[in-house]
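Undergrad: First the structure, which I've put down as C-alpha cells, then a few questions once you've had a look.
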Amino acid sequence: MKPLFAQAPLAERRPKPLTIHGDTRIDPYYWLNQREDPKVIDYLKAENDYTDQVMSPTEDFQKELFQEIKGRIKETDMSVPYLKNGYWYYTRYEEGKEYPIFCRKAQSLDNQEEIMLNVNEMAKGFDYFQVGGLAVSPDNKLLAYSVDTVSRRKYTLYVKDLTTGKILKDTIPNTTGHSVWANDSQTFFYTKKDKTLRPDKIYRHQLGHKESNDALVFHEKDETFRCYIYKTKSQKYLVIGSYSTLSTEMRILDAHQPTGKFQVFQPRERDHEYHIAHYEDRFYVLTNWQAQNFRLMKTNLAKTEKSNWEEVIPHNDKVLLSDIDIFKDFMVLSERKEATKQIHVYPFDGEDYYMDFDEAAFSAYPTTNLDFDTSILRFSYTSMTTPDSVYDFDMVTKEKTLLKQKEVLGDFDPNHYQSERFFVTARDGKARIPVSMVYKKGLKKDGQSPLLQYAYGSYGHSIDPYFSSVRLSLLDRGFVYVIAHIRGGQEWGRQWYEDGKLLRKMNTFTDFIDVSQYLIDQGYTSPDRLFAQGGSAGGLLMGAVINMAPQLYQGVVAQVPFVDVVTTMLDDSIPLTTGEYDEWGNPHDKIYYDYIKSYSPYDNVVLQDYPALLVTTGLHDSQVQYWEPAKWVAKLRLAKTNFTPLLLRTDMETGHSGASGRFEYLKEVALVYAFILDQLNIRE
C-alpha cells in the first residue's frame, strides 16, 4: 500500500515551451495560472482536501492551539490616543468581534466618544473585509477611507460626513486605498493602479463631482517606478513621490493651492534615493547622494535642487540613517547601529545622544509625533521578551513614561524567558550574521531542543527583534525561536542589502544555512529537530535552502512563497515584476537569467529527500501569484525521494496577507504550529 503522503493530486496537462537565450524550458504546470478555469479551482480544492486528510489527526489539537493563542489576547482593548487638530484619535476592539472600531473625542478624552467607523458592522456578509487609508479633512468634518473586499490590494475610496453620518456619493474604485486632503477640505488626491496593479496615476478630486471629471495631476510612465502622495507634518505641502528600487523623485505643491502645479524637488537620477521633511523656511533631505548609508542635508524652500543642499549630518559608513522626525528644538533620527534599530536625539542647542535601553536585542522607533512645539517624543519599544510598549520620552530630562504595554493574558511572566544576541561568521569568513534568539529559561545545549528559525532577507527589509504572544505556544513546549538577520536586509547598513541582491543573492541563502549549521554545531538543536519558516521573498529563501541543504531540516513552512523566479520575472504583465528588476535582475539579460535560474526554487528541484513541507498561499494574492507555490508543490511531488509530508493549503478567499479578521488569521497559525509539532509527535 502506498503511503498516504504519496496520494495527493498531481498537475498533469500539456507542457508550455519557452525559449530564451537559447535555453528551451518546458513547464508542464504552466496551465495552473488560469485562475478562472474550473479545473484549476478543482485542483486547488483537491490539494486542500489532501492537506485536511493528512492533518486530520491534529484537528482537535489545532482547535486547542487556536483557543490557547487567542486566549492570550485581550479582546476588549484600545490603542494609545493621539491628538490631532483638536481631536483625540484612537482605535478600540470589543470582545468577541473581529474588526476594529475607529473613534475620536473632541478636545478632551473625558468628552463623548464619536465612532467614525465600526468595521464589525461594515464587514457583515463579507468573507474578507479590510479598511484602510483613514484621512480626516482639515476642518474635521469629513472622513475619507477605503475598503478592499477581495484581498487583491484594489481599494475603493469612500467619503463619510462625520457630522451627519452619511456616506457621500464620491466613490472611487481601483485605488491604493490612500488619499490626502488639500487644506480647503473640499479637495483630495488619490492614486490609481494600472492593469498590473502598479500605482501609476495621481488624481485630484473635488467633492460632489463625478470621478470622470477628476484631474490627472501626475502619470508615472516609467514601468519600473511607482508613485504615491502624502502631506508633510507641517501640513503646508503636498508631496508626490515616485520610486523604484534604486531611485526616487519628489514633487511639491502648496497644500493651500490644490489646483496648482506640482514642482519637481530634485530630478530623478539613477542610484539616488532621497526623502524630504519640511520645517519653517527649509526642507531637510535624507539622501544617499555620495553617501551609501545616507546623510542629512537641508535647503531653503525656493532652491530645492541638490546643488543647493547643505550638509547637516555627514555620512557614516557604520550607521544607516533610515528616518527623521523634526521638532521645534530637536531632530530625532532613526538609525541602524551595530545591527540594531536605535533612536538618536539631536537638540538644536546641545549635545546629541542615543536613547538607552537595557536589552541587547530590541527594536525602538518613533511613532505618532504630530506636534512641532514639544519636547516629548512618542516611541514604541519591543524585544524578544518585552511585549509591544508605547512610551512618551522627554527629550530634555530623558525621562521615559510608559503609556501602554500590550497585555498578555494568562500566566505569562517575561522573567521566565531568556533572549540572546550573537553573531555567526558566514562561510566567506567576513560577514557577521546577527542572530536574535529567545527560549524558556532552563535550556540545555545538548542538541535535544526543537528550534524554529525564521528569516526574510530581501528588498533591504530588516527583521528586527520583536515580541510575539503567539510564539509562546512554541516556547512553552520547549522550542527555541531564532531570527537570522541575513544579507538582503539592512541590519548592518546599506552594504548588507547590496550583498544580498542581484548577482550576490546567493549570500542570502548561504547565510541562512550557515546559521542553521552553527545552531546545530553549538548544541542548540539537531537536524531532526530544526525547523525553518519564511514568507513571500522569505518563502523563496525556504525553497532555495531545501534544495541546497535539505538534510539540515526536519520541517519547513513556506508561506505565500516566491518560488518561480525565472518565469515570473520574464512576465511583465504580473504585478511587481518590472519594478523589481533592480532587486533580482532582468532575466531578458542572459547574465541575470543564468544567475536567477541557478537558485530559483522551482527550477532547481532535484531527485532527493526533502524535509516535511507545508506551503500556504491565497487565491487572490497579487504579490506572489497562487500558481507559483502550486506549481512548485506539484514538481516536488514527482522529485522527492522520501515520504515526508508535502502539503499545500490555498485560502480560496484571501490574498497575500491572509485573513482580514483580528483572530481569523490565527487559524492558519494553529495549522502551522500543529504541522511543526506533529513532526515531533507532539499533539498537546
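The values are calculated or read from the model by the stated rules, or taken from the named source; none is laboratory data. Note that the coordinates shown come from a computational prediction; the quantities given were computed from them, not determined experimentally. Ideal geometry is used to build each Cβ from the backbone, glycine not excepted, and the neighbour counts take in all protein chains shown.
Undergrad: Any residue at all in the range 150-158 that's in contact with a Gly (Cβ under 6 Å, 6 or more places away or on another chain), modelled with pLDDT under 95 and at positive phi?
TA: Narrowing the range 150-158 to residues in contact with a Gly (Cβ under 6 Å, 6 or more places away or on another chain): 151-152, 155.
Next, only the ones that are modelled with pLDDT under 95 stay: 151-152, 155.
Remaining after also requiring at positive phi: 151.
The answer is yes, given that some residue of the range 150-158 is in contact with a Gly (Cβ under 6 Å, 6 or more places away or on another chain), modelled with pLDDT under 95 and at positive phi.
Undergrad: Looking at (1) of a type outside the set (Val, Ile, Thr); (2) out of contact with any helix residue (DSSP H, G or I) (no Cβ under 7 Å at 6 or more places or on another chain); (3) surrounded by 15 or more Cβ atoms within 10 Å (Cβ to Cβ); (4) at pLDDT 95 or above, which one does residue 320 not meet, given that it meets all the others?
TA: Going through (1) of a type outside the set (Val, Ile, Thr); (2) out of contact with any helix residue (DSSP H, G or I) (no Cβ under 7 Å at 6 or more places or on another chain); (3) surrounded by 15 or more Cβ atoms within 10 Å (Cβ to Cβ); (4) at pLDDT 95 or above one by one, residue 320 breaks only (2).
Undergrad: Going through the range 397-427 one residue at a time, which ones are surrounded by 12 or more Cβ atoms within 10 Å (Cβ to Cβ), out of contact with any Pro (no Cβ under 7 Å at 6 or more places or on another chain) and of a type in the set (Val, Ile, Thr)?
TA: 424, 425
Undergrad: While we're looking at this one, here's another question. Any chance the range 488-498 includes a residue that's without any contact (Cβ under 8 Å) to a residue 24 or more places away in the chain and either assigned to a loop (DSSP other than H, G, I, E, B) or in the same structural domain as residue 597 (by TED's automatic domain parsing) (or both)?
TA: Among the residues of the range 488-498, not one is without any contact (Cβ under 8 Å) to a residue 24 or more places away in the chain and either assigned to a loop (DSSP other than H, G, I, E, B) or in the same structural domain as residue 597 (by TED's automatic domain parsing) (or both), which makes the answer no.
Undergrad: If you don't mind, there's one more thing I want to ask. Restricting to the range 542-557, name every residue that is assigned to a loop (DSSP other than H, G, I, E, B) and in contact with a strand residue (DSSP E or B) (Cβ under 9 Å, 6 or more places away or on another chain).
TA: 553, 554 - these are the residues of the range 542-557 that are assigned to a loop (DSSP other than H, G, I, E, B) and in contact with a strand residue (DSSP E or B) (Cβ under 9 Å, 6 or more places away or on another chain).
Undergrad: Could you look through the range 121-176, keep only residues that are of a type in the set (Lys, Arg) and within 29 Å of residue 652 (Cβ to Cβ), and pick out the one that is surrounded by the fewest Cβ atoms within 10 Å (Cβ to Cβ)? Write out each step before concluding.
TA: Taking the range 121-176 and keeping what is of a type in the set (Lys, Arg), we get 124, 141, 152-154, 160, 166, 169.
Pick out the ones that are also within 29 Å of residue 652 (Cβ to Cβ) and you get 124, 152-154.
Values: 124: 8, 152: 19, 153: 22, 154: 19.
Across the range 121-176, the extreme among qualifying residues is 124.
Undergrad: Considering only residues that are farther than 21 Å from residue 329 by Cβ and aromatic (Phe, Trp, Tyr), look in the range 340-364 and name the one that is surrounded by the fewest Cβ atoms within 10 Å (Cβ to Cβ).
TA: 357
Undergrad: Hey, which of the helices (runs of 4 or more DSSP H) in the range 584-684, taking only ones fully inside, have at least 3 residues that are under 23 Å from the mean Cα position of the chain (by Cα) and acidic (Asp, Glu)? Explain how you work it out, then say what you get.
TA: Details: elements: 590-599, 627-639, 666-678.
By residue number, no helices (runs of 4 or more DSSP H) qualify.
Undergrad: Still on this structure, please answer the following. Give 277, 255, 302, 291 a once-over and let me know the one that is small (Gly, Ala, Ser) and over 29 Å from residue 215 (Cβ atoms).
TA: Working: 277 fails: over 29 Å from residue 215 (Cβ atoms); 255 fails: over 29 Å from residue 215 (Cβ atoms); 302 fails: over 29 Å from residue 215 (Cβ atoms).
After ruling out the rest, the residue left standing is 291.
Undergrad: Exactly one of (1) at pLDDT 90 or above; (2) over 24 Å from residue 600 (Cβ atoms) is unmet by residue 36. Its number?
TA: (1)
Undergrad: Among residues belonging to the range 251-291 that are part of a loop (DSSP other than H, G, I, E, B) and of a type in the set (A, V, I, L, M, F, W, C), point out the one that is surrounded by the fewest Cβ atoms within 10 Å (Cβ to Cβ). Quick ask: steps written out before the conclusion?
TA: First, pick out the residues of the range 251-291 that are part of a loop (DSSP other than H, G, I, E, B): 255-262, 267-273, 280-281, 288-291.
Remaining after also requiring of a type in the set (A, V, I, L, M, F, W, C): 255, 262, 289, 291.
Values: 255: 22, 262: 19, 289: 17, 291: 19.
Among those residues, the one meeting the criterion is 289.
Undergrad: Another question, then. Can you tell me which residues in the range 281-304 are farther than 28 Å from residue 340 by Cα and either of a type in the set (A, V, I, L, M, F, W, C) or free of Cβ contacts under 8 Å to residues at least 40 places away in the same chain (or both)?
TA: We begin by selecting, within the range 281-304, every residue farther than 28 Å from residue 340 by Cα; these are 281-282, 299-304.
Answer for the range 281-304, where residues must be farther than 28 Å from residue 340 by Cα and either of a type in the set (A, V, I, L, M, F, W, C) or free of Cβ contacts under 8 Å to residues at least 40 places away in the same chain (or both): 281, 282, 299, 300, 301, 302, 303.
Undergrad: Okay, next question. Looking at (1) under 22 Å from residue 307 (Cα atoms); (2) in a strand (DSSP E or B), find the lone condition where residue 238 falls short.
TA: (1) is the only condition that residue 238 fails.
Undergrad: Show the residue pairs that are 6+ apart or on different chains and have beta-carbon atoms under 7 Å apart, the first residue being within the range 94-109 and within 19 Å of residue 129 (Cα to Cα), the second being of a type in the set (Gly, Ala, Ser) and in a loop (DSSP other than H, G, I, E, B).
TA: 98/661; 99/123; 99/661
Undergrad: Looking only at the range 19-47, count every residue that is among the polar types (S, T, N, Q) and either in contact (Cβ under 8 Å) with a residue 12 or more places away in the chain or not assigned by TED's automatic domain parsing to the domain that holds residue 594 (or both) and tell me the total. Walk me through it before giving the result.
TA: Here is the first cut: in the range 19-47, the residues among the polar types (S, T, N, Q) are 19, 24, 33-34.
Pick out the ones that are also either in contact (Cβ under 8 Å) with a residue 12 or more places away in the chain or not assigned by TED's automatic domain parsing to the domain that holds residue 594 (or both) and you get 33.
Result for the range 19-47: 1.
Undergrad: Among 119, 131, which is the only one that is touching a residue at least 12 places away in the same chain (Cβ under 8 Å), within 29 Å of residue 239 (Cα to Cα) and within 28 Å of the chain's Cα centre (by Cα)?
TA: Working: 119 fails: within 29 Å of residue 239 (Cα to Cα).
The unique qualifying residue is 131.
Undergrad: Here is a further query. Would you mind stating whether residue 212 is part of a helix (DSSP H, G or I) and more than 26 Å from residue 322 (Cβ to Cβ)? Lay out the reasoning, then the answer.
TA: Values: part of a helix (DSSP H, G or I): yes; more than 26 Å from residue 322 (Cβ to Cβ): yes.
When the stated conditions are applied, residue 212 passes them.
Results for (1) crowded, with 22+ Cβ neighbours inside 10 Å; (2) closer than 23 Å to residue 540 by Cα; (3) at pLDDT below 95; (4) of a type in the set (Val, Ile, Thr), shown as yes or no for each residue.
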| site | (1), (2), (3), (4) |
| --- | --- |
| 456 | yes, yes, no, no |
| 468 | no, no, no, no |
| 471 | no, yes, no, no |
| 478 | no, no, no, no |
| 490 | yes, yes, no, no |
| 511 | yes, yes, no, no |
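Undergrad: Within the range 378-396, take every residue that is in contact with a Pro (Cβ under 6 Å, 6 or more places away or on another chain) and not in a loop (DSSP other than H, G, I, E, B) and give me the one that is surrounded by the most Cβ atoms within 10 Å (Cβ to Cβ).
TA: Pass one, the range 378-396, residues in contact with a Pro (Cβ under 6 Å, 6 or more places away or on another chain): 379, 383-385.
So of that shortlist, the ones also not in a loop (DSSP other than H, G, I, E, B) come out as 379, 383.
On the way: 379: 21, 383: 25.
Residue satisfying both the conditions and the ranking: 383.
Undergrad: With the condition kept exactly as written, say whether any residue in the range 167-186 is hydrophobic (A, V, I, L, M, F, W, C), over 30 Å from the mean Cα position of the chain (by Cα) and part of a loop (DSSP other than H, G, I, E, B). Can you show your working first?
TA: Here is the first cut: in the range 167-186, the ones hydrophobic (A, V, I, L, M, F, W, C) are 167-168, 172, 180-182.
Adding the requirement that they be over 30 Å from the mean Cα position of the chain (by Cα) leaves 167-168.
Next, only the ones that are part of a loop (DSSP other than H, G, I, E, B) stay: 168.
Yes: the range 167-186 contains one or more residues that are hydrophobic (A, V, I, L, M, F, W, C), over 30 Å from the mean Cα position of the chain (by Cα) and part of a loop (DSSP other than H, G, I, E, B).
Undergrad: To continue, here is another question. Using beta carbons and a limit of 6 Å, which pairs, at least six apart or on different chains, have the first residue in the range 245-271 and aliphatic (A, V, I, L, M) and the second one part of a loop (DSSP other than H, G, I, E, B)?
TA: Between residues of the range 245-271 that are aliphatic (A, V, I, L, M) and residues that are part of a loop (DSSP other than H, G, I, E, B), the close pairs are 246/271; 253/260; 253/262; 255/182; 255/183; 255/236.
Undergrad: Hey, another quick one. Quick one: residue 212 ticks every box in (1) loosely packed, with under 15 Cβ neighbours inside 10 Å; (2) within 30 Å of residue 273 (Cβ to Cβ) except a single one, so which number is it?
TA: (2)
Undergrad: Considering only the range 418-436, I want to know if a residue exists there that is farther than 24 Å from residue 552 by Cβ and without any contact (Cβ under 8 Å) to a residue 24 or more places away in the chain.
TA: No, the range 418-436 contains no residue that is farther than 24 Å from residue 552 by Cβ and without any contact (Cβ under 8 Å) to a residue 24 or more places away in the chain.
Undergrad: So, in the range 398-457, how many residues would count as being at positive phi and in contact with a Leu (Cβ under 6 Å, 6 or more places away or on another chain)?
TA: Taking the range 398-457 first, the residues at positive phi are 398, 410, 429, 442, 447, 457.
Right, trim to in contact with a Leu (Cβ under 6 Å, 6 or more places away or on another chain) and you get 457.
Number satisfying all stated conditions: 1.
Undergrad: Within the range 293-345, take every residue that is outside any strand (DSSP E or B) and aromatic (Phe, Trp, Tyr) and give me the one that is farthest from residue 281 (Cα to Cα). Before you say what the answer is, go through the steps one by one.
TA: Let us first name the residues in the range 293-345 that are outside any strand (DSSP E or B), namely 293-294, 301-309, 314-318, 327-329, 338-339.
Filter again for aromatic (Phe, Trp, Tyr), leaving 294, 309, 327.
Numbers: 294: 23, 309: 14, 327: 14 Å.
Checked the range 293-345; the qualifying residue farthest from residue 281 (Cα to Cα) is 294.
Undergrad: Moving to a separate point now. So is residue 306 more than 19 Å from residue 222 (Cβ to Cβ), crowded, with 17+ Cβ neighbours inside 10 Å and among the basic types (Lys, Arg) or not? Write out each step before concluding.
TA: On the way: more than 19 Å from residue 222 (Cβ to Cβ): yes; crowded, with 17+ Cβ neighbours inside 10 Å: yes; among the basic types (Lys, Arg): yes.
Spelling it out, residue 306 is indeed more than 19 Å from residue 222 (Cβ to Cβ), crowded, with 17+ Cβ neighbours inside 10 Å and among the basic types (Lys, Arg).
Undergrad: Also: Please tell me if residue 582 is of a type outside the set (Val, Ile, Thr), surrounded by fewer than 20 Cβ atoms within 10 Å (Cβ to Cβ) and under 25 Å from residue 627 (Cβ atoms). Step through it out loud before you land on a result.
TA: Working: of a type outside the set (Val, Ile, Thr): yes; surrounded by fewer than 20 Cβ atoms within 10 Å (Cβ to Cβ): yes; under 25 Å from residue 627 (Cβ atoms): yes.
Considered against the rule, which asks whether it is of a type outside the set (Val, Ile, Thr), surrounded by fewer than 20 Cβ atoms within 10 Å (Cβ to Cβ) and under 25 Å from residue 627 (Cβ atoms), residue 582 comes out as yes.
Undergrad: Is the range 63-78 home to any residue that is in contact with a strand residue (DSSP E or B) (Cβ under 6 Å, 6 or more places away or on another chain) and in a loop (DSSP other than H, G, I, E, B)? Show your work before the answer.
TA: Start the filter on the range 63-78 by keeping residues that are in contact with a strand residue (DSSP E or B) (Cβ under 6 Å, 6 or more places away or on another chain), which leaves 72, 77-78.
Then drop every residue that is not in a loop (DSSP other than H, G, I, E, B), which leaves 72.
Yes: the range 63-78 contains one or more residues that are in contact with a strand residue (DSSP E or B) (Cβ under 6 Å, 6 or more places away or on another chain) and in a loop (DSSP other than H, G, I, E, B).
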